[in-house]
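The structure appears below as structure tokens.
The values are calculated or read from the model by the stated rules, or taken from the named source; none is laboratory data. The structure displayed is predicted, hence computed values, not measured ones. Glycine gets a Cβ as well: all are built from the backbone with ideal geometry, and neighbour counts include every protein chain shown. These area figures cover heavy atoms from the full protein model, side chains too; ligands, DNA and RNA do not enter into them. Shrake-Rupley method; radii C 1.70, N 1.55, O 1.52, S 1.80 Å.
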2 protein chains.
Amino acid sequence: MGMLDKVGADMTVAQVMAEIGKRARAAAAPLSIAPAEQKNKALLAMADSIIAQSAAILEANKIDVANAESAGTAASFIDRLKLDEGRLNGIADAIRAIAGLKDPVGDVIAAWDRPNGLNIERVRTPLGVIGVIYESRPNVTADAGALCLKAGNAVVLRGGSDSAHSSRAIHAALVSGLESAGLPRDAIQIVPTTDRAAVGEMLKGLNGNIDVIVPRGGKSLVERVQNEARVPVFAHLEGICHVYIDASAELDMAVNVVVNAKMRRTGICGAAETLLVDRKVADSHLVPILEALSAKGCEIRGDADVVARFANAKSASDADWSTEYLDAILSVKLVDGVGDAIGHIGQYSSHHTEAIIAQDEKAVERFFNEIDSAILVHNASTQFADGGEFGMGGEIGIATGKMHARGPVGVEQLTSFKYRVHGNGQTRA
Amino acid sequence: MGMLDKVGADMTVAQVMAEIGKRARAAAAPLSIAPAEQKNKALLAMADSIIAQSAAILEANKIDVANAESAGTAASFIDRLKLDEGRLNGIADAIRAIAGLKDPVGDVIAAWDRPNGLNIERVRTPLGVIGVIYESRPNVTADAGALCLKAGNAVVLRGGSDSAHSSRAIHAALVSGLESAGLPRDAIQIVPTTDRAAVGEMLKGLNGNIDVIVPRGGKSLVERVQNEARVPVFAHLEGICHVYIDASAELDMAVNVVVNAKMRRTGICGAAETLLVDRKVADSHLVPILEALSAKGCEIRGDADVVARFANAKSASDADWSTEYLDAILSVKLVDGVGDAIGHIGQYSSHHTEAIIAQDEKAVERFFNEIDSAILVHNASTQFADGGEFGMGGEIGIATGKMHARGPVGVEQLTSFKYRVHGNGQTRA
């Protein structure tokens, strides 16, 4: 990055970030009209560079892992941070899959004719410059960079400090790919400092040079975004996902789905954090579900009714209902039917994903209509809340806001649109 | 509004606005699941109430008009402010037309099946609570209230102080309609004070109780929104619209379209403000166009080349290229082909609407691809930039931002969406 490495020496964080913003805006113009073939050539070259530069990336990753270990970081965190050849192959394959997606730019979303002969088309366009603020999974550097490029956007990446060396090494590989396809290297920039002031600058929008911020993270990032963001945000924040077991639920399905929703992977935002069980089936359904979870090593934190029925359960505190554990812990509560479940979810949900297990279609309809979350699931695991599982072929995350993007954010969600109106001399009366 | 009339006496502006926000959020929940029939019943009753209460509305409007006259306000402004029976009939008819539109809520935008048997639907939902900040056209009170209701949203309206009496009288009629259909009166609230601090409170989001702000206005509102908005915004701001006459343009079409784009109505945001003419056809096209405009009473402000060719033209200053006249004035400049036109528009456009008059499809394609404005028009007037003309059956305005809504904002643009996923016990591998 040349000059940008001088942060702290010759330039303040604000100056560096302003320069990054200017460069991103300048790169966005040629990117917005780059043909699909050129973007795909860059993406394939990026994937190849990840493999070709794997020694350097793994070397950088060792520094991050060693730093995390000497800081006494949790093993689960270090596992997510650690790269090996298999994971690098996975990262490269994910970029190649994005190259294989249809280019969304120029896609005609809708077209119609007016009685006066005007033909109107709504056509996808890039958003412009996207700022992505994320935590310590180094693969996000590649995923976010590749998705933004595919949609014709410039991107400014700001990863967590724990993975800074890994992310910069991956970024260097992405830039090689861009250059070999003749695209501007500033199409994908990475913030060259771990100073948190850089996040503040991004949230202020880099002097109008960021069009939208994608924040991915937990409570502290949520609060910072709410307090400081001056540009549009596709929030990718907590996933306090609920599973509700209706009185009409089939027991076997309920057990299987809850165990999968909680335990398949506990560290993802689509993992279930709270289980609500209809009091009418407390005797038949509650204990088998909790036993299956316990057998998998899940800690149960229940309300008084749950604790009375399941000796292995701890007492839940008020804070449990609004906690995203991202761990093998589940809060559990009895409720009086679907209306009571909807009320609890309305109070505590983070508007990510909620599931109902039920055979009663009326209960499902009410659950689907009255809950205002991005994804509602009937008789399936909350862990399907994923762009790949939705068939979008890659995602930057799951948006929990209601503006523009909601749910999985893939290449289409990283676009805007414009209208193209064709006439033959029409004037308005 | 009872208590809310106590602003300034018992309650501060901030307290009143906080209460309005709480009430709007409470109203949004039942509205979001109100059936189409109930919303349409309310809309038809609102239209009837406008007519039934026309004496009171016209009486209130007289006060606004008298105040404007004694303040020496421009005649064109007073004309937009003034109501009569014909205009009230128009307002009522517009509400009835909105009742006749398809209810967007629950509309399945997309649906697909996954290989594992999951069925995924993307379904329209209300946005929640919308805040509309507008200037002094009293009909916006009715249009915005009706459109937000149709899309299942609660709305907080803040009109200009010049039309405060008219807007409150119209609002009273809307509330009668809501109540007669059994919908909460707080579904459509109007800010009961003209204190500009109320706008500041809305831009801060009323403690999380406003989901999106729709600001409609000129430069001072633009700046205020940019500095203060802490919630998502569908900006409806300036329309610095351009018409470019390519060397391939047919002369008659160019004359007709430019005259219509500028002079049909000069006070709307889709009116042309700048004309760019390809230097290659300066001799053949420029003077006939400017003569036709002059004959209609349009003032021409040209660059040096234009002034040299058309004696009637004044000299444009730098400020002219970024001025939305909303009046019978046009800035005019010669350019070197479509690339130069695109460059000028990129620098000065407010991203609203730009038109090209050309027979050369290559020039059109470049103009359409490279300009990042909400609406691009080929061989037709910029004044078609209108929800009704687009076939949307009503609009709250033209959004100039790129997030969520862009171009005409009708009922569909006032919705969000959620995903409904149907399974039969699927778990993720």
By accessible area (1.4 Å), largest first, A:His351, A:His236 order as A:His351, A:His236
Whole-percent carbon and sulfur contribution to the accessible surface of the range B:273-429 (1.4 Å, no ligands, DNA or RNA) stands at 45 percent
The Cα radius of gyration of the range B:287-360, divided by 2.2 N^0.38 Å with N its residue count, comes to 1.11
Distances in nm between the label point of B:Gly90 (7 Å along Cα→Cβ) and its equivalents in the other copies, shortest first, are 6.3
accessible surface per residue for the range B:89-217, probe 1.4 Å, DNA/RNA/ligands not counted, whole Å² -> 30 Å²
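On average, how much accessible surface per residue is there in the range A:239-333, in Å², for a 1.4 Å probe, leaving out ligands, DNA and RNA?
Accessible area per residue, the range A:239-333: 38 Å².
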Residues whose modelled amide H sits under 5 Å from the amide H of B:Leu127, counting only those 5 or more places away in sequence or on another chain, are B:Ser416
Restricting to Cα pairs under 8 Å and 6 or more apart, the percent relative contact order of chain B works out to 18 percent
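Find how much the distance from B:Asn424 to B:Trp112 grows on full extension, using 0.36 nm per residue of separation minus their present alpha carbon separation; answer in nm with one decimal.
Details: separation 312, 0.36 × 312 = 112.32 nm, distance 1.56 nm.
Extra length available between B:Asn424 and B:Trp112 comes to 110.8 nm.
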Expected sort for B:94-104, A:399-409 on mean C-beta neighbours within 10 Å, highest first, is A:399-409, B:94-104
In nanometres, the difference between 0.36 nm per residue of separation and the alpha-carbon distance of B:Thr194 and B:Ala172 is 6.2 nm
Here, trypsin sites (Lys or Arg not before Pro) of the range A:132-233 satisfying both criteria (DSSP loop; at most 12 other Cβ within 10 Å) are A:Arg196
Once A:Cys148, B:Cys269 are ranked on solvent-accessible area with the largest value leading and a 1.4 Å probe, the list reads B:Cys269, A:Cys148
The chain B residue whose Cβ lies closest to the rotation axis carrying chain B onto chain A, with that distance rounded to whole Å, is B:His404, 2
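Per residue, how big is the convex hull around the C-alpha atoms of the range B:241-389? Give it to me in cubic angstrom, could you? Don't jump to the answer; show the numbers that get you there.
Numbers: hull volume 13.8 nm³, N = 149.
Spelled out: Cα convex hull of the range B:241-389, divided by residues, is 93 Å³.
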Distance in nm between B:Asp360 and A:Arg279 label points, each 7 Å along Cα→Cβ, equals 7.7 nm
With label points set 7 Å from each Cα along the Cα-to-Cβ direction at A:Lys102 and B:Ala97, the distance between them in nm comes to 3.4 nm
Here P(r) for the protein assembly as shown, Cα-Cα distances in 20 Å bins, as whole percents, is 14, 43, 34, 8, 0
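Could you give the alpha-carbon Rg of chain A over 2.2 N^0.38 Å, rounded to two decimals?
For chain A, the normalised Cα radius of gyration comes out at 1.08.
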At 25 °C in a medium of viscosity 0.890 mPa s, the range B:90-232 has a Stokes-Einstein diffusion coefficient, with Rh taken as the Kirkwood radius over alpha carbon pairs, in µm² per second, of 148 µm²/s
Between A:Asp252 and A:Asp84, Cβ-based FRET efficiency (R0 41 Å, step 0.05) works out to 0.60
Sorted by chain and number, the residues with a modelled amide H under 5 Å from that of B:Val332, at a separation of 5 or more or across chains, are B:Leu275, B:Arg301, B:Gly302, B:Asp303
Here the Cα Rg-to-2.2 N^0.38 Å ratio for the range B:1-118 is 1.56
In whole angstrom, the spacing between the Cα centers of the range A:126-149 and the range B:234-267 equals 39 Å
For A:Asp340 the rounded accessible area (nearest 10 Å², probe 1.4 Å, non-protein molecules ignored) is 60 Å²
One checks the Cα atoms of the range B:364-429 and finds Rg and Dmax, in Å, of 17.9, 56
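In square angstrom and rounded to 100, what buried accessible area do you get between chains B and A, total over both, with the probe at 1.4 Å? It would help to have the intermediate numbers written out before the result.
Details: alone 18390 and 18380 Å², together 31160 Å².
Chains B and A together bury approximately 5600 Å².
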With one decimal in nm and the nearest listed first, the spacings from A:Lys362 to its own position in the other copies, using label points 7 Å along Cα-to-Cβ, are 6.8
With a Förster distance of 41 angstrom and the Cβ-Cβ distance between A:Asn119 and B:Gln226, calculated FRET efficiency to the nearest 0.05 equals 0.70
Taking the label point 7 Å from Cα along the Cα-Cβ vector, the copy-to-copy distances for A:Glu69, listed from shortest in nm with one decimal, are 8.7
